[in-house]
Amino acid sequence: MSSPYSKIKAPSVQTIDPHMLFDSRPIFSHSTTTSGPCRIVATAGQVGCDQNGVFPTDIEDQLSLAMKNLGRALEAAGATVTDVFKLVYYIVDYDPNNRRHTKHVQAFLNGHRPATTLVPVPALANPEMKFEIEAYAAVRQEALREVDVVVVGAGLSGLKAAYEVQRAGFSCVVVEARDRVGGKTWSVDPLGQGKWIDVGAAWINDTNQSKIYELAKSLDLEMVVQRTTGKVIQEDLTGDLGLFDYGGTPAQAAEKNGIESLVFIRELAEKVCQTVDIHNPVQSGADLDKLTLEEWVKSNTESKTAMATAKLWTRALLGLEPSEVSALFFMNYCKSAGGLLQMRSDFKNGGQYLRFTRGTQSMSLGLADLLHSDSVILSSPVRRIIQTLDGILVSAGRGELKCKRVIVSVPTVLYKEITFEPPLPQAKAELGKNNVHGYTLKVMVSFSEPWWRKAGLAGAVMSFVGPITTTRDSSNDEKGQFSLTCFTNGDAGRKLSPLPQKERFSAVVAHIKRMYGPYVDVPEPIAVTEHEWFKDQWAQGCPCPASPPGVMTQFDHALRTTHGKVHFIGTETAYEWKGYMDGAVRSGERGAREVIDAFNRAKL
Ligand SMILES: Cc1cc2nc3c(=O)[nH]c(=O)nc-3n(C[C@H](O)[C@H](O)[C@H](O)COP(=O)(O)OP(=O)(O)OC[C@H]3O[C@@H](n4cnc5c(N)ncnc54)[C@H](O)[C@@H]3O)c2cc1C
């Protein structure tokens with residue numbers, strides 16, 4: 001079958017090594033040139049500070065951050081390293097005998113050789129700054145393409161929508177910002193041994209998540225049941241450890257009546273979420289939208305354990321604190337998954353029942369493979385959608401497309417990255433401005449054996465202290481893949497985020513040792529893997545945007561409405577399993593149906 005991926009043409013940048021000039025390899029070339037129509041990208045000088053403007057004192061860390069920041073600046077503008085034709089860098093205290101920048105620049109360029117200029121300088125704009133780098137890139141532009149439908153984003157929702165639109169006989173292209181399909185489904189093989197792990201979504205079930213399960217089965221993908229054997233470790237507010245049965249209730253709490261309070265708030269939340277109508281949440285729960293979840297808990301109990309429990313829910317489910325999310329949003333989110341208990345369950349019918357041997361990205365890759373040839377354009381962020389009487393012009397990183405309908409699959413918080421002409425209706429734009437995206441960091445810690453099982457432990461933890469909130473046994477025994485999935489989210493994760501990666505990993509491993517150490521010897525991991533979705537240009541958080549109080553009341557009605565001939569999908573817009581892969585697939589089907597119906601109506 002022919003490839004769904006639009007052929008990447010030869011790079012637009014060529015390097016030139018003139019005769020009789022000193023050989024400039026391996027990093028730079030004396031000159032570069034471009035061919036074909038190109039879009040020029042220039043970056044400002046990038047320096048080695050974090051998002052808070054903090055410069056690491058270690059120059060190596062500064063160099064590494066500067067290169068990372070340059071990569072981000074290029075990515076946001078839809079350029080890749082091979083598009084760079086000129087680099088200029090400025091170095092304070094340059095020592096030709098100790099060229100510390102070389103390995104960082106070389107790693108960044110990965111064999112690409114732009115024209116470069118090194119400028120030793122006495123100082124930069126800020127005394128802490130020791131290195132600054134700027135780039136110029138030329139991004140090859142494809143000829144204008146005309147199709148019936150353009151889908152923005154090749155996550156599960158966008159791919160499913162494209163598949164259905166093509167199946168109905170209309171031409172459709174998916175334009176994706178990243179250099180891969182799958183969005184928040186992203187499976188990696190850190191050891192290169194076919195032991196796949198998911199740094200994004202991992203779990204589904206085979207009953208009430210019928211849409212995603214149907215997709216997985218149709219692609220003939222192998223799944224494993226989540227292991228739920230053994231005891232769960234609980235770390236209480238005081239740091240005291242205890243054990244309880246998988247799927248059960250912690251046995252002890254430092255606070256008097258703590259366990260009763262935990263059960264009380266859990267039962268109450270379950271009862272209240274069941275009263276919300278997912279098709280009309282605002283009408284069924286208007287009062288709940290006046291409160292944050294934190295205020296809702298406080299209005300029902302003063303128990304610290306109950307509040308810590310609610311914190312665990314919002315962290316685990318949304319990467320947020322209870323103070324950041326409307327009680328109505330939270331209850332509706334739970335109800336969309338059948339209820340809080342079902343959503344949190346790792347058993348049959350629960351949200352975390354099955355995992356994929358080859359990772360969940362295999363579903364996205366499988367869907368992409370079902371599309372017609374040249375249907376997926378990668379590394380091409382959409383920056384402008386212009387609707388005119390003559391059709392819609394979609395302006396993307398690698399060229400422009402003309403179409404009759406557009407399906408936008410990006411989360412509401414990313415609407416700001418796209419200029420809509422005419423502008424989005426106010427209510428829709430406000431959803432994008434006011435919704436918040438959580439900090440969920442999934443650190444995958446791989447071991448050579450499942451040592452926790454020796455002590456009768458399940459590999460599952462719930463901690464009221466952090467930095468880890470929960471862990472799960474994410475092993476695949478048959479493949480010899482043994483790992484703990486460690487979630488650090490909400491404020492606990494945000495505290496770790498500014499740390500250099502090695503310190504973040506150390507904090508996670510130290511917490512594993514603190515929790516498991518009293519029960520069993522904890523060996524050193526063989527690999528630690530993460531992806532910080534919050535810092536990712538094309539996610540800006542995860543797993544699903546949430547609304548603070550008042551936002552649903554005012555603007556939820558606009559979540560799924562079309563804007564002229566532009567349709568909106570994405571897991572956030574699903575009624576069922578909102579925020580999950582199942583919701584993504586459902587929303588993709590809805591978007592496709594809207595477009596196909598519109599085309600069919602136009603034929604009448
Ligand atoms: C750490 C983590 C754990 C999770 N765990 C689970 C789980 O266990 N089970 C579960 O069901 N779900 C889980 N989820 C949620 C699940 O991943 C999502 O619900 C689902 O993948 C969302 O699909 P989507 O198509 O709606 O959005 P996305 O996957 O976000 O797809 C949107 C696509 O649009 C692209 N894009 C963005 N902006 C532009 C632009 N301007 N131009 C072009 N393209 C653009 C993005 O790159 C992306 O590919 C998890 C998510 C994360 C991050």
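The values are calculated or read from the model by the stated rules, or taken from the named source; none is laboratory data. Note that the structure is predicted; figures quoted are calculated from it, not measured. Note that each Cβ is placed from the backbone with ideal geometry, even for glycine, and that neighbours are counted across all protein chains shown.
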Revision key, fill the gap. Here, strands (runs of 3 or more DSSP E) confined to the stretch 424-539 with at least 3 residues that are within 16 Å of the ligand (Cβ to nearest atom), touching a Gly at 6+ places or on another chain (Cβ under 7 Å) and modelled with pLDDT of 95 or more are 470-473, 482-489
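Out of the stretch 561-604, which residues are in a loop (DSSP other than H, G, I, E, B) and within 13 Å of the ligand (Cβ to nearest atom)? Working first, answer last.
Pass one, the stretch 561-604, residues in a loop (DSSP other than H, G, I, E, B): 561-562, 564-565, 569-570, 574-580, 604.
Within the stretch 561-604, I569, G570, A574, E576, W577, K578, G579, Y580 qualify.
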Check your understanding: Which of the following residues is at pLDDT 90 or above, in a loop (DSSP other than H, G, I, E, B) and farther than 28 Å from E503 by Cα: A44, A10?
Key -> A44
Review point. If you go through the stretch 331-367 one residue at a time, how many are in a helix (DSSP H, G or I) and within 11 Å of the ligand (Cβ to nearest atom)?
Key: 5
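Kindly evaluate G169 against the criterion of being in a loop (DSSP other than H, G, I, E, B), away from the ligand (no atom under 16 Å from the Cβ) and outside the structural domain of R25 (by TED's automatic domain parsing).
Numbers: in a loop (DSSP other than H, G, I, E, B): yes; away from the ligand (no atom under 16 Å from the Cβ): yes; outside the structural domain of R25 (by TED's automatic domain parsing): yes.
Here the answer is yes, as G169 does meet what is asked.
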**Study point:** Qualifying positions in the stretch 141-166 - in a loop (DSSP other than H, G, I, E, B) and either touching a helix residue (DSSP H, G or I) at 6+ places or on another chain (Cβ under 7 Å) or at negative phi (or both)
**Key:** Q141, V147, D148, A154, G155
Check your understanding: Pick from V520, V508, V461: which is under 22 Å from the mean Cα position of the chain (by Cα) and either closer than 26 Å to V225 by Cα or buried (at least 23 other Cβ atoms within 10 Å of the Cβ) (or both)?
Key -> V508
Review point. Mind checking whether some residue in the stretch 574-583 is surrounded by fewer than 20 Cβ atoms within 10 Å (Cβ to Cβ), more than 23 Å from G158 (Cβ to Cβ) and in contact (Cβ under 8 Å) with a residue 12 or more places away in the chain?
Key: no
**Study point:** Cross-chain or 6+ apart pairs with Cβ under 6 Å, the stretch 405-427 first and free of Cβ contacts under 8 Å to residues at least 24 places away in the same chain, then buried (at least 16 other Cβ atoms within 10 Å of the Cβ)
**Key:** Y415/G432; K416/G432
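Any residue in the stretch 544-552 that is under 22 Å from V282 (Cβ atoms), small (G, A, S), touching a Pro at 6+ places or on another chain (Cβ under 7 Å) and assigned to a loop (DSSP other than H, G, I, E, B)?
Looking through the stretch 544-552, none of the residues is under 22 Å from V282 (Cβ atoms), small (G, A, S), touching a Pro at 6+ places or on another chain (Cβ under 7 Å) and assigned to a loop (DSSP other than H, G, I, E, B).
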Practice item. Could you identify the single residue in P543, P548 that is within 16 Å of the ligand (Cβ to nearest atom), closer than 25 Å to G153 by Cβ and either surrounded by 22 or more Cβ atoms within 10 Å (Cβ to Cβ) or not polar (S, T, N, Q) (or both)? Key: P543
